[in-house]
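See structure below.
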C-alpha cells in the first residue's frame, strides 16, 4: 500500500497543497487563493485566518480517494519576511504584515544607525531593509504599543499554521534568516540586533531545523484537515531556501536560476557566503549545515506579463479566443528577432530593483530606439534585459566561484526561447528538470520525508526530479551579448539620477 507526504506551498496569492507518494510521484495538487490588502502606497497585509482556511480546504481536496491513515507527514515552503503577532493562545492580534510591506523605513534607518549597515550584513547576511520582520515588529512597537505589549510571539506564515496544527510556537533557521534578526553563523537570535531594535527575545519563537518534527496533529487539527492525529508535522522552510532544494541544488557550490514573477540565482554553499559589494544576500539553508546565497531581480515574469498586456493586447485576445496560450505567440515573436534585438536595450526595472541595484526609485526604459525596430524587437529586448540584469547577479558569484552551469526552474522559463536567451546572455549551460514549477512543493515533501526518517538524506530528491532538456551557449550569440552588456550597465548609470528626480514628482 502506498504511503504519502503532503507539501504546502504558502504563497502570497494562495496556498498550493500537493500530495506526493513516498516514491516521488505527484498524485494531486490543489491551490486555494486568498487576498492581499494593499493600502497607503507601501502597506501590504493578509488575514492569517485565510491561510488557515486555505490549508484546510486544499488538504481535504487533495485527499480525495486517499486513505488519510497513509499520510505520514506534512511540511511547508512559505512566503518569508512576515510579521504576525499573536497572543499566548496563538490568536492573531492584527493582520499579518507581509514581505511586500515597506512601512518600516524609519525603523530600518534607526537599526542601521545603531548597529551599522556593514555590521548588519556581517551578522545576518542581509542588508537592513523595511522588508524584513524585525523592522516590522519595531514598527508595531512604535505605532501600536498596546498590541506589542500583548504580543507573545512573532510568527512567519508557516509558523502560524504549525501552531494551528500542533500547538507549538516554532520557526526554522531558513525562515528566521529572513527576519534580519538571526546571527547567521551562530544560528541564534542576535542579542546585538535585538538590543538595538528594542525587541524582547522572548517575543521570538523557538528555533528549529527545517527537518525537525514540530509535533503530531492535534485532534482538532486532524478533524479540520480530514487526517489522523498520527500525521506528523515537520517544520519546513522559507520559499527562497526551499527553491534550492526543490531544484535539486544540493551539492556544495551547485547553483540554480528560478525564473518566475521575480527571478533569482541561488545556490548551496557549505559556509556563509559573504559578498563584499552586498549585491547578494544569504539565508540559512533548509539542508542542515548548509547556506543558500541568493541574488534576486525584482521583475522577471512580471515584466513579460506587462509587455504582453501593454504591447501585445490584440494578439493576446486573439490567442485566448482561439484557445491558445498567448505566451506561445510571444515566444515565436521573440524568435523572429535576432540576438541583441538589433541593438535595442531594455532596463527591466518596472518595480524598482533589488539585486544588483538596490534602488527602489529606478524604472523601466527602452534605450536605442530606431525606425527599424519592430514589435518583435521590443519583446525580445525585454527578455534580454531581464537576462542581462541576472548576469550582473551571476558576476557577483563569479568573483569567488566558477559558475558554468545552472539548474533552471520556474514557470517563466518553460519557453525554449527564454531558456536559450538566458543560456547565451549568462554564458552558461542550463538544465531544466521535468517539474519546473514544483520546486518548492518538492522541497517541502523532501523535508517531510527526511524529517520522519523515510529518506536517509536529501540526495533522495532524485526520486522527484529528472532532467528534461539542456541548453548550451551559442558562441555567436554570446559575442553579441558581450558587446551589449556593458551598454546595459551604462544605460542604468546614465539614467539613475533621472529616475530619482521622477520619483519625487
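Some observations on this one:
- Against the main long axis of the alpha-carbon atoms of the chain, helix 375-398 sits at an angle near 60°.
- Over all distinct Cα-Cα pairs of the range 4-235, the Kirkwood formula returns a hydrodynamic radius of 18.1 Å.
- Label-point gap, in nm, between residue 42 and residue 321 - each point 7 angstrom along Cα→Cβ: 4.5 nm
- Cα pair distances in the range 1-111, grouped into 10 Å bins until the bin that holds the longest one, percent each: 13, 37, 27, 16, 6, 1
- Ordered by the number of other Cβ atoms lying within 10 Å of each residue's own Cβ, fewest first, 129, 443 fall into the sequence 129, 443.
- With the highest mean first, a sort of the peptides 373-380, 405-412 on other beta-carbon atoms found within 10 angstrom per residue produces 405-412, 373-380.
- Matching the structure-derived percent of Cα pairs over 42 Å apart against the labelled list (1) 21; (2) 16; (3) 13 gives the label (2).
- Distance from the range 254-331 to the range 1-56 (C-alpha centre basis), Å: 20 Å
- Extension gain, residue 35 to residue 277: 0.36 nm times the residue separation minus the Cα-Cα distance gives 83.5 nm.
- Ranked for footprinting exposure by Cβ neighbours inside 10 Å, fewest first, 164, 64, 103 give 64, 103, 164.
- On Cα atoms only, tilt of 301-311 relative to the major axis of the chain in degrees: 50 degrees
- Hypothetical label at residue 494: residues of the range 350-367 whose amide nitrogen lies under 16 Å (7 Å Cα-Cβ projection): 363-367
- The alpha carbon gyration tensor of the range 109-187 gives principal lengths a ≥ b ≥ c with a/c of 1.5 or higher and a/b no greater than b/c, which makes the shape oblate.
- Taking each residue as 0.36 nm, the span from residue 106 to residue 395 lengthens on full extension beyond its C-alpha to C-alpha distance by 100.8 nm.
- Three-way shape label, the range 176-319, alpha-carbon gyration tensor, a/c 1.5: oblate
- Using alpha-carbon coordinates, inclination of helix 157-166 to the longest axis of the chain, degrees: 30 degrees
- When peptides 466-479, 249-262 are sorted by average Cβ neighbour count within 10 Å, with the highest value leading, the order is 249-262, 466-479.
- The range 444-505 and the range 115-156 have their alpha-carbon centroids 29 Å apart.
- Ordering 189, 264, 51 from the fewest to the most neighbouring beta carbons within 10 Å gives 189, 264, 51.
- Point-to-point label distance, residue 476-residue 311, nm (Cα→Cβ direction, 7 Å offset): 2.3 nm
- Taking the range 4-235 and dividing mean pair separation by its residue count, relative contact order in percent (alpha carbons under 8 Å, at least six apart): 20 percent
Quick note: the coordinates plus some simple rules give every number you see, no bench work behind them. Computed from a predicted model, the values in this text were never measured in an experiment. Cβ: placed from backbone, ideal geometry, glycine included. Neighbour counts: every protein chain shown.
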